[in-house]
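K.L.:
Mind having a look at this structure? Questions to follow.
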Amino acid sequence: MDYKNSLNLPRTDFSMKADLVAREPERLRRWEAAGLYQQIQAQRAGAKKFVLHDGPPFANGDVHIGTALNKILKDILVKYKSLRGYQAPYIPGWDCHGLPIEFKVTQEMRKSGQAAADAAAIRKACEAYAQKYIGIQREQFRRLGVLGEWDHPYLTLDKAYEAEELRLFADLVEQGFVYRGKKPVYWSIPCRTALAEAEVEYQDHVSPSVYVKFRLVGHPGTSVVIWTTTPWTLPANLAVAYNSTFSYSLVRVGEEELIVSALLLPAIAEKCGWSGYEIVRSLDGGHLSGLEYEHPFCQRTGRFFAGDSFVDNTTGTGFVHIAPGHGLDDYLLGMKEGLPIYSPVDDDGRFIHTSDLPVAQQMPAAMVGASILEKHGKSEANEAVLHELRVRKALVHQENYHHSYPHCWRSKTPIIFRAMDQWFIRVDHVVDGVSFRERALQEIERVEWVPDWGRSRIEAAVKARPDWCISRQRSWGVPIPAFYDAHGQAILDARVVRNAADLFEKHGSNIWFEQPAAELWAALKPPGWTGPEPASKSTDTLDVWIDSGSSSRAVIARREALRGTSRPHQCDMYLEGSDQHRGWFQSSLLLSLAGHGSAPFRTVLTHGFMVDADREKISKSKQGQGGYEKPQTAEAYVKKWGADIVRLWVSSQDFRNDIIVSEERIAKVAETYRSLRNALRYQLSNLYDFDPARDAVPAEQLTALDRWILDEFSRLEQEVMAAYDRYEFHVVYQKLSQFVAVELSAIYHDVVKDRLYTDAASSLRRRSTQTALHWLVGGLCRMLAPILAFTADEAWEWVPGRSAGSVHLLSWEPLDLRLTEADRAVWNALFKLREAALPVLEEARQAKQIGKALDAQLVFTGPASALAPAAARVEDLRELLNVSQLEVRPGEGAEVSVTVHKAAGEKCERCWHWETSVGASAEHPTLCRRCVEVVRTPA
RNA sequence: GGGCGUGUAGCUCAGUUGGUUAGAGCACGCGCUUGAUAAGCGCGGGGUCACUGGUUCAAGUCCAGUCACGCCCA
């Protein structure tokens, strides 16, 4: 007779094969058709809020795997908070303005023959470009299983966004934060335009390398020697930098005494042909402060300052000539020491006299008009300077110098660094007697930074940062609504800015570029204006960090779902990469503090960066030859593995450090996924005939083994929740996968098969275990839902008696079915005996004495003290070991020992146990007593 | 060059206030099972805790330095 049909073998349509790549999109479509995100929000209406405000990615290109990591982390947290009963809205955003888009668009326009497009036309094309990539990225983010208001994201190009941004800006203008000053920018002479970093190409170039004497004031016959490869910047020289940690040598060369770095002296002497020099004495760098020198050809003197961060000892002389209008180090030093940002060069790249210094102190009149632009490797300006140096015997040595130098991508000519008028936010602006920088540092103290070193990092950044240069000479951005009067003086007024905000909110900011200055002024002029009348309008746009940094006003305070109660602009959390300590976290903090009086976030969570299998940053050069197989886009990984594998991979690593992305790593995570999925499948497949309303066993009637697993599970839940609460998703991953591998798969699931398959379907013991499985599968679905957004939802559909259509609509309350300490102690003792017995069973298997454990009989002997718990729980221990027979003999021997025998009796055809009762029934001669009873009982 | 971090088995992670032969899961090797079966179970090998020096009766754990890697700045 075939007794197999009398078993309760597992069955389920929850497939073993996940086929995520094909099946996830179907589920996604159902979620969207049902409005799952809206359902979740509606269900949590009125609940305590948890607001995570999305940092906007740049609307350009495909979603990079690093960007996907960020979005997935946010989604895991939002889903978890929602599961725990919070109302956790998520409104994604995009950063739309900025140079990379403008650059691409102008390139494309040029290729298609639209050479001389005006700003308004470029901006329209930029908006179309941004919208296109928002569409692309939105689908890629959605595909990852990220739930949110994808149909109503926030865009920094929205009219309302721009208007709020300008209103915040107006508040800053009103408080006196904003001023006009000078800062060096890249300048292309033929194009007559400022360039951004991205528009600069480095090419090999030959520059004149010159060593120049600067005579010391009060020390006749003594000079320091500086080195430069841009002689044309010497007319703008206002200081000399040294390194206070270096040692310098005072050397006699002929009649003169010269000072250079001690370390570089031999090299300099060789270059300059100082055959018979003699070291007079050495000088500590620290002793150079306070010295003064005469400019080699201008009627002025300059001072020496320490520049340890940029004066190096590998090239040059250990002295760097400082022209604050022509270099970034120079500029920063100049700002620090209060020097004018002097840049005697006009838009055409010709020397001029400026109003920064008295004309008498500036370059000789003969130099004025000389062009810096190089022709055939020479420039008028360099030649004029070299001539002047030779005439005055200040030129020690000159040679050609080959190096990589920035060039304009368009004209291919060497660029120059040139100070220009820009708008700034004054970081040390004093309001009510306290400097803004100080207030910012105080506010940083009030914010929770996770990990905590984020605090020191942003503190250092805020302490050291210079004033914020907020203007850009670009078209694709929010226009700065400033005007200039007939004398070129800037007009920036808070009332005008607010009027502009209103105008832009109605018509869009393109109107600024479409209408002439006079018309704009007519629309924006405040009533009762007594200031100067404008002659022209500003064509500058705001730094894009002002755009995204204004989102506390433009998004958090304005979106009903996000708005805070006591502080409308403040939310619970910002979650971005650690580079944002200097980026978005800082711009958002400064703007919100200046405009609203406090930070826009209560907690800032940061993650590390993607690195490759060698723990090095992902670089394009490694792609292809021997490196990565494919571009590191989210789509590439999702198409190969499915979103849930990518999500599980994100959760598997401690994101506070670097995150390793490699095929090998993801393949391992996929293995873990399979074991999680199989555990769920096992549980579901054994619940096919279980209706919790009808069959559930009350907790107090559950069998001891079931109580044990539920105790373990309760503990796991506490640990997993604690890990989620600490944002340690990798701990969730570890705890869950280990629990599934050990407590479930290796122990509970394995042990309980006998009961589930062979006991009568509706027996108390089987129903007890099904009750436990039902709790377990429901709990696992909840625990996994934030991470395995698709799979947990899929499994949930098969849970009998489920209370909600989607796992994401559930709330997660921890199960609290704990054992008493005494009961746990007993189980610990049983497991100790199990551990002692397993190797003995293995030996018997190796010796071919038994095959599976059910073939065996185990005998435990040992002192009564050690075996007492087991003696009272022989049947539990037998189940744990999956053997047919087990005996405990307390009082035999001084140590616990385990022996294996071939089990007695015959193997029951139905349950495969070895039992002496097999054969006792004439009706079922191949069955044991238990199975005979089961088979006789009608179903 | 400066600031902030990281460095424990092949991989991902645990290692409480310094205290017995450094743990887990996965992967790997060898078996068992074939009633979770493109599954499941058992056993086993594998680490000079980046390196060097120091404090201590005792250091993966504290201190100093070095190296490598990441982010930011220069």
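K.L.:
Got a sec? Which of A:GLY273, A:GLY302, A:GLY349 is more than 16 Å from RNA strand B (Cβ to nearest atom) and open to solvent by 40 Å² or more (accessible area, probe 1.4 Å)?
P.N.:
On the way: A:GLY302 fails: open to solvent by 40 Å² or more (accessible area, probe 1.4 Å); A:GLY349 fails: open to solvent by 40 Å² or more (accessible area, probe 1.4 Å).
Among A:GLY273, A:GLY302, A:GLY349, only A:GLY273 is more than 16 Å from RNA strand B (Cβ to nearest atom) and open to solvent by 40 Å² or more (accessible area, probe 1.4 Å).
K.L.:
I need the full set of residues from region A:191-243 which are among the hydroxyl-bearing types (Ser, Thr, Tyr), under 37 Å from the mean Cα position of the chain (by Cα) and open to solvent by less than 10 Å² (accessible area, probe 1.4 Å), in order please.
P.N.:
Just the residues of region A:191-243 that are among the hydroxyl-bearing types (Ser, Thr, Tyr), to begin with: A:193, A:202, A:207, A:209, A:211, A:222-223, A:228-230, A:233, A:242.
Those left that are additionally under 37 Å from the mean Cα position of the chain (by Cα): A:193, A:202.
Residues satisfying the conditions do not exist here.
K.L.:
Just one of (1) open to solvent by 60 Å² or more (accessible area, probe 1.4 Å); (2) of a type in the set (A, V, I, L, M); (3) touching an Asp or Glu at 6+ places or on another chain (Cβ under 8 Å) trips up A:ALA693, so point out which.
P.N.:
Condition (3) is where A:ALA693 drops out.
Here is a yes/no grid of residues against (1) outside any helix (DSSP H, G or I); (2) surrounded by fewer than 23 Cβ atoms within 10 Å (Cβ to Cβ):
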| site | (1), (2) |
| --- | --- |
| A:ALA522 | no, yes |
| A:PRO527 | yes, yes |
| A:PRO532 | yes, yes |
| A:ALA535 | yes, yes |
| A:THR539 | yes, yes |
| A:SER548 | no, no |
| A:SER552 | no, no |
| A:ARG558 | yes, yes |
| A:ALA561 | yes, yes |
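K.L.:
Still on this model: Given (1) in contact with a helix residue (DSSP H, G or I) (Cβ under 9 Å, 6 or more places away or on another chain); (2) within 9 Å of RNA strand B (Cβ to nearest atom); (3) open to solvent by 10 Å² or more (accessible area, probe 1.4 Å), identify the lone condition not met by A:VAL742.
P.N.:
It fails just one condition, (1).
K.L.:
Moving on. Look through region A:649-674, keep the residues that are in a loop (DSSP other than H, G, I, E, B) and either touching a His at 6+ places or on another chain (Cβ under 6 Å) or not hydrophobic (A, V, I, L, M, F, W, C) (or both), and return whichever of them is nearest to A:ALA741 (Cα to Cα). Outline the logic, then answer.
P.N.:
Start the filter on region A:649-674 by keeping residues that are in a loop (DSSP other than H, G, I, E, B), which leaves A:653-658, A:661-662.
If we keep only those that are either touching a His at 6+ places or on another chain (Cβ under 6 Å) or not hydrophobic (A, V, I, L, M, F, W, C) (or both) as well, we get A:653-658, A:662.
Working: A:GLN653: 19, A:ASP654: 21, A:PHE655: 24, A:ARG656: 26, A:ASN657: 26, A:ASP658: 27, A:SER662: 24 Å.
The extreme case among them is A:GLN653.
K.L.:
Starting from region A:836-856, keep only residues that are over 19 Å from A:ALA870 (Cβ atoms) and surrounded by 14 or more Cβ atoms within 10 Å (Cβ to Cβ), then list their pairs with residues that are of a type in the set (Ser, Thr, Tyr) and at pLDDT 90 or above whose Cβ atoms are within a distance under 9 Å, requiring at least 6 positions of separation or different chains.
P.N.:
From region A:836-856, the pairs are A:LEU854/A:SER884; A:ASP855/A:SER884.
K.L.:
OK, next. For A:ASN5, only one of the following conditions fails: (1) away from RNA strand B (no atom under 14 Å from the Cβ); (2) open to solvent by 30 Å² or more (accessible area, probe 1.4 Å). What is its number?
P.N.:
(1)
K.L.:
Return the residue satisfying two criteria in turn: it lies in region A:816-830 and is open to solvent by 30 Å² or more (accessible area, probe 1.4 Å) and in a loop (DSSP other than H, G, I, E, B), and of such residues it is farthest from A:LEU684 (Cα to Cα).
P.N.:
Checking each candidate, the answer is A:THR820.
Matching residues to (1) more than 29 Å from A:ILE709 (Cβ to Cβ); (2) at pLDDT below 95; (3) small (Gly, Ala, Ser):
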position	(1), (2), (3)
A:VAL826	no, yes, no
A:LEU886	no, no, no
A:GLY893	yes, yes, yes
A:GLY919	yes, yes, yes
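K.L.:
Could you give me the residue pairs with C-beta distances under 7 Å whose first residue belongs to region A:604-615 and is within 8 Å of RNA strand B (Cβ to nearest atom), whose second residue is open to solvent by less than 10 Å² (accessible area, probe 1.4 Å) and of a type outside the set (Val, Ile, Thr) wherever it lies, and which are 6+ apart or on separate chains?
P.N.:
A:GLY608/A:PHE655; A:PHE609/A:GLY577
K.L.:
Residues being acidic (Asp, Glu), within 23 Å of A:LEU83 (Cβ to Cβ) and free of Cβ contacts under 8 Å to residues at least 12 places away in the same chain: count how many of those fall in region A:700-726. Please lay out each step first, then the result.
P.N.:
At the first step, the residues of region A:700-726 found to be acidic (Asp, Glu) are A:700, A:706, A:711-712, A:717, A:719, A:725.
Right, trim to within 23 Å of A:LEU83 (Cβ to Cβ) and you get A:711-712, A:717, A:719, A:725.
Imposing the further condition that a residue be free of Cβ contacts under 8 Å to residues at least 12 places away in the same chain reduces the set to A:725.
So the answer is 1.
K.L.:
I'd like to check something: does region A:707-729 contain any residue that is out of contact with any Phe, Trp or Tyr (no Cβ under 9 Å at 6 or more places or on another chain), more than 15 Å from RNA strand B (Cβ to nearest atom) and open to solvent by less than 10 Å² (accessible area, probe 1.4 Å)?
P.N.:
yes
K.L.:
Are there any pairs with C-beta distances below 6 angstrom linking a residue in region A:807-822 that is polar (S, T, N, Q) to a residue that is at pLDDT 90 or above, with the two at least 6 apart or on different chains, and if so which?
P.N.:
These pairs meet every condition: A:SER811/A:GLY85.
Yes/no matrix, rows are residues, columns are (1) at pLDDT 95 or above; (2) within 13 Å of RNA strand B (Cβ to nearest atom); (3) within 30 Å of A:LYS74 (Cβ to Cβ); (4) within 34 Å of the chain's Cα centre (by Cα):
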site	(1), (2), (3), (4)
A:LEU773	yes, yes, no, no
A:LEU788	yes, no, yes, yes
A:ARG818	no, no, no, no
A:GLU842	no, yes, no, no
A:ALA847	no, yes, no, no
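K.L.:
So, one more: Could you list, ordered by first residue, the pairs with Cβ atoms under 8 Å in which the first is in region A:452-467 and in a helix (DSSP H, G or I) and the second is more than 7 Å from RNA strand B (Cβ to nearest atom) and open to solvent by 40 Å² or more (accessible area, probe 1.4 Å), at least 6 apart or interchain?
P.N.:
Filtered contacts from region A:452-467: A:ARG455/A:GLU445.
K.L.:
So is A:VAL450 open to solvent by 60 Å² or more (accessible area, probe 1.4 Å), of a type in the set (A, V, I, L, M) and either more than 30 Å from A:LEU605 (Cβ to Cβ) or within 16 Å of RNA strand B (Cβ to nearest atom) (or both) or not? Spell out how you get there, then give the answer.
P.N.:
Values: open to solvent by 60 Å² or more (accessible area, probe 1.4 Å): no; of a type in the set (A, V, I, L, M): yes; either more than 30 Å from A:LEU605 (Cβ to Cβ) or within 16 Å of RNA strand B (Cβ to nearest atom) (or both): yes.
So A:VAL450 does not fit the description; no.
K.L.:
Counting only residues that are polar (S, T, N, Q) and surrounded by fewer than 22 Cβ atoms within 10 Å (Cβ to Cβ), how many does region A:667-690 have? Even if it seems obvious, please write down each step before you answer.
P.N.:
The first filter runs over region A:667-690 and keeps only residues polar (S, T, N, Q), leaving A:672, A:675, A:678, A:683, A:685-686.
Filter once more, keeping what is surrounded by fewer than 22 Cβ atoms within 10 Å (Cβ to Cβ): A:672, A:675, A:678, A:685.
The qualifying residues number 4.
K.L.:
What about A:LEU833, is it open to solvent by less than 10 Å² (accessible area, probe 1.4 Å), of a type outside the set (Lys, Arg) and assigned to a helix (DSSP H, G or I)? Step through it out loud before you land on a result.
P.N.:
Details: open to solvent by less than 10 Å² (accessible area, probe 1.4 Å): no; of a type outside the set (Lys, Arg): yes; assigned to a helix (DSSP H, G or I): yes.
Judged against the criteria, A:LEU833 is not a match.
K.L.:
When the residues of region A:555-570 are narrowed to those that are out of contact with any Pro (no Cβ under 7 Å at 6 or more places or on another chain) and of a type outside the set (Ser, Thr, Tyr), which ends up nearest to A:LEU155 (Cα to Cα)?
P.N.:
Keep residues of region A:555-570 that are out of contact with any Pro (no Cβ under 7 Å at 6 or more places or on another chain), which gives A:555, A:558-560, A:563-568.
If we keep only those that are of a type outside the set (Ser, Thr, Tyr) too, we end up with A:555, A:558-560, A:563-564, A:567-568.
Values: A:VAL555: 9, A:ARG558: 13, A:ARG559: 13, A:GLU560: 16, A:ARG563: 17, A:GLY564: 20, A:ARG567: 23, A:PRO568: 19 Å.
Out of the qualifying residues, it is A:VAL555.
K.L.:
Additional query: Just to be sure, is A:SER282 within 16 Å of RNA strand B (Cβ to nearest atom) and either free of Cβ contacts under 8 Å to residues at least 60 places away in the same chain or farther than 11 Å from A:VAL240 by Cα (or both)? Walk me through how you get there before you give the answer.
P.N.:
Numbers: within 16 Å of RNA strand B (Cβ to nearest atom): no; either free of Cβ contacts under 8 Å to residues at least 60 places away in the same chain or farther than 11 Å from A:VAL240 by Cα (or both): yes.
Answer is no for this residue.
K.L.:
Give me the pairs, please: first residue somewhere in region A:50-79 and of a type in the set (S, T, N, Q), second residue anywhere and modelled with pLDDT under 95, beta-carbon distance under 6 Å, and either six or more positions apart or on two chains.
P.N.:
Pairs found: A:ASN60/A:PRO100; A:ASN60/A:ILE101.
K.L.:
Collect the residues in region A:8-46 that are open to solvent by 30 Å² or more (accessible area, probe 1.4 Å), in contact (Cβ under 8 Å) with a residue 12 or more places away in the chain, within 16 Å of RNA strand B (Cβ to nearest atom) and not in a loop (DSSP other than H, G, I, E, B), keeping them in residue-number order.
P.N.:
A:VAL21, A:ARG23
K.L.:
What's the total number of residues in region A:656-699 that are more than 9 Å from RNA strand B (Cβ to nearest atom), without any contact (Cβ under 8 Å) to a residue 12 or more places away in the chain and either hydroxyl-bearing (Ser, Thr, Tyr) or under 23 Å from A:LEU784 (Cβ atoms) (or both)?
P.N.:
Looking only at that region, the number is 0.
K.L.:
Please go through region A:98-149 and give me each residue that is modelled with pLDDT under 95 and of a type in the set (Ser, Thr, Tyr), ordered by number.
P.N.:
Answer for region A:98-149, where residues must be modelled with pLDDT under 95 and of a type in the set (Ser, Thr, Tyr): A:THR106, A:SER112.
K.L.:
If you check A:GLU887, A:GLU923, A:GLU909, A:GLU875, which single one turns out to be assigned to a loop (DSSP other than H, G, I, E, B), more than 16 Å from RNA strand B (Cβ to nearest atom) and open to solvent by 60 Å² or more (accessible area, probe 1.4 Å)? Quick ask: steps written out before the conclusion?
P.N.:
Working: A:GLU887 fails: assigned to a loop (DSSP other than H, G, I, E, B); A:GLU909 fails: more than 16 Å from RNA strand B (Cβ to nearest atom); A:GLU875 fails: assigned to a loop (DSSP other than H, G, I, E, B).
Sole residue among the options that is assigned to a loop (DSSP other than H, G, I, E, B), more than 16 Å from RNA strand B (Cβ to nearest atom) and open to solvent by 60 Å² or more (accessible area, probe 1.4 Å): A:GLU923.
The values are calculated or read from the model by the stated rules, or taken from the named source; none is laboratory data. Quick caveat: nothing in here was measured; it's all calculated off a predicted structure. Note that each Cβ is placed from the backbone with ideal geometry, even for glycine, and that neighbours are counted across all protein chains shown. Protein only, heavy atoms only, side chains kept; ligands, DNA and RNA dropped before computing areas. Shrake-Rupley method; radii C 1.70, N 1.55, O 1.52, S 1.80 Å.
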